[in-house]
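One structure is given below, encoded as structure tokens.
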Amino acid sequence: MSSIISVRDLVKRYRTVTAVNGITFDVPEGICFGLLGPNGAGKTTAIEMIEGILAPTSGEIVFRNAPIDDRFKEKVGIQFQSTALPEFITVRETLELFASFYPDPRSLSEIVDICSLGDIIDRDNRKLSGGQRQRLLLALAIVHRPELVFLDEPTTGLDPQARRNFWSLIERIKSERTTIILTTHYMDEAQLLCDQVAIMDHGRILELDTPQTLLDRHFSGAVIRVPDPGSSFLRDPATLPEGAVARDGSVEMVSDRVDESIRRLLDADLNLDGLSVHKPDLEDLFLKLTGSSLRA
Ligand SMILES: Nc1ncnc2c1ncn2[C@@H]1O[C@H](COP(=O)(O)OP(=O)(O)OP(=O)(O)O)[C@@H](O)[C@H]1O
Ligand SMILES: [Mg+2]
């Protein structure tokens, strides 16, 4: 698969902060590539450099094996982390306005269908709910059939149903072979949508691969979680059985032999109310890599 974007040793330094500290990756054409990480990891800074909005301190960005030129802007669509919509006009007028900027935009009916905007087409932009607003912003980012779309935390703040609706829109754009670069701090979202993920923290990439490859590399077995072990165990982790660690007020154990591990927890006299066993996910991986919870 050929790369649509290649990034080499990209750095962005501000006076007192290094927001992006030397990142290198290739994005193959047609995939959904996820940049994951907690607040302040450097995700927005990284994609704004790739978008051409922010000048890098150093490093190189290549689009289809050539340096980025003026035509790049026509080939990409951008949904910023926060964007003001024009006020006092409707969704329909907004779509028509943005479509008028391009030589060969999608028709109004096509974009309304893709982004499910039919119910709100005559509503004033100021009256949109969070989820409706995100759908309109996505429509504006893809109205000109871009080859590459940047979505910066498109589902932050949406309720679970609105997030799920948004995910199906993203799947639909992906099915048209449009490449997507997505930032998120929701690991479930990344696991579902992304073909490859780069996990970022403090301006660096800690790991980069397909979600399943990363999980296979770091885990075998299941994660046992004890949500309410008893305060003495949290105060003095030395009292925990071998292999168990205290984290965010609960106790966790990664185990190949669930029955044996639970027996050890029982023998140590932990309170096992609410105990759960699940297959490790990207959230667990992030905890393992950084030692801290994503949304702490
Ligand atoms: N213009 C700026 N001047 C100084 N520091 C900045 C500037 N922009 C970003 N930073 C800092 O760079 C770091 C990375 O910020 P960035 O916005 O890229 O993080 P992020 O991963 O997108 O976080 P979030 O999930 O909160 O959106 C942060 O510490 C931030 O405070
Ligand atoms: Mg950001």
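The values are calculated or read from the model by the stated rules, or taken from the named source; none is laboratory data. As the structure is a prediction and not an experimental result, all values here were calculated from the model. Virtual Cβ from ideal backbone geometry, glycine too; neighbours counted across all protein chains shown. Just the protein is used for accessible areas: all its heavy atoms, side chains included, with ligands, DNA and RNA removed. Shrake-Rupley method; radii C 1.70, N 1.55, O 1.52, S 1.80 Å.
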Net lengthening on full extension, ASN65/GLN161 (0.36 nm per residue, minus Cα-Cα) | 30.6 nm
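I need the peptides 60-71, 33-44 ranked by packing, meaning the mean over residues of other C-beta atoms within 10 angstrom, with the highest value on top. Can you show the working numbers first?
Values: 60-71: 12.4, 33-44: 22.3.
Averaged packing, sorted descending, gives the order 33-44, 60-71.
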For the chain, what is the per residue volume of the convex hull drawn over the alpha-carbon atoms, in cubic angstrom?
-> 160
With label points built 7 Å along Cα→Cβ from the Cα atoms of ASP273 and THR16, find their separation and express it in nm.
-> 4.6
Computed over the chain: longest principal axis from alpha-carbon atoms vs helix 160-175 long axis, angle to nearest 10 degrees, is 60
Please give the helix 258-267 orientation as an angle from the longest Cα principal axis of the chain, in degrees from 0 to 90, rounded to the nearest 10.
-> 50
Determine, from the Cβ-Cβ distance of GLU74 and LEU289 and an R0 of 30 Å, the FRET efficiency 1/(1 + (r/R0)^6), rounded to the nearest 0.05.
-> 0.20
Measure nothing fancy, just the Cα-based angle from helix 130-142's long axis to the longest principal axis of the chain, in degrees from 0 to 90, nearest 10.
-> 50
Which three extents, in whole angstrom, do the alpha-carbon atoms of the stretch 1-42 cover along their principal axes, largest first?
-> 39, 21, 9
Any idea how far the Cα center of the stretch 66-111 sits from the one of the stretch 139-164, in Å?
-> 13
Taking the dipole about the Cα centre of the chain, with the C-beta of Lys and Arg at +1 and of Asp and Glu at -1, give me whichever of VAL277, CYS115, THR290 is farthest to the positive side.
-> CYS115
Averaged per residue, the 1.4 Å probe accessible area of the chain, protein heavy atoms only, in Å², is roughly 48
Of the stretch 2-29, those with amide N under 13 Å from the point 7 Å along the Cα→Cβ vector of SER58 are 9-13, 21-23
Considering every pair of different Cα atoms, what Kirkwood radius, in Å, is found for the stretch 208-296?
-> 13.5
